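Written below as structure tokens is the structure these notes are about.
The values are calculated or read from the model by the stated rules, or taken from the named source; none is laboratory data. Nothing here was measured: the structure is a model prediction, and the numbers come from that model. Ideal geometry is used to build each Cβ from the backbone, glycine not excepted, and the neighbour counts take in all protein chains shown. To get the accessible areas, we keep the full protein, side chains included, count just its heavy atoms, and leave off ligands, DNA and RNA. Shrake-Rupley method; radii C 1.70, N 1.55, O 1.52, S 1.80 Å.
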Amino acid sequence: MTVNTKNLVSITEANQNFSRVARLVDEGGPVVILKNNVPRYMVMEFRSAEEEAVAADEDVAAISMRLIRKNQAAYRELAK
């Protein structure tokens, strides 16, 4: 899972303005909430969480092959 670095929010800001956090999730994907400048919580769409849960039912080899296929272009670029 990738997290947009623009989607980092302090716990104070999340507490005071949760609607902004929800809007960030809608616009840019998962939001990481920082506590004492350390990632502590993640807010994401429920649908995305369900998709991530599918991984719990897969074995490690299947996950590895799926990720390799999905990120093949990035692996080729890194290999250069």
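Counting only residues that are open to solvent by 50 Å² or more (accessible area, probe 1.4 Å), in contact with a helix residue (DSSP H, G or I) (Cβ under 7 Å, 6 or more places away or on another chain) and assigned to a helix (DSSP H, G or I), segment 1-10 holds 1 of them.
Close contacts from segment 58-80, counting a first residue that is of a type in the set (A, V, I, L, M) and a second that is open to solvent by 100 Å² or more (accessible area, probe 1.4 Å), with Cβ to Cβ under 7 Å and a gap of 6+ residues or different chains, come to 68/75.
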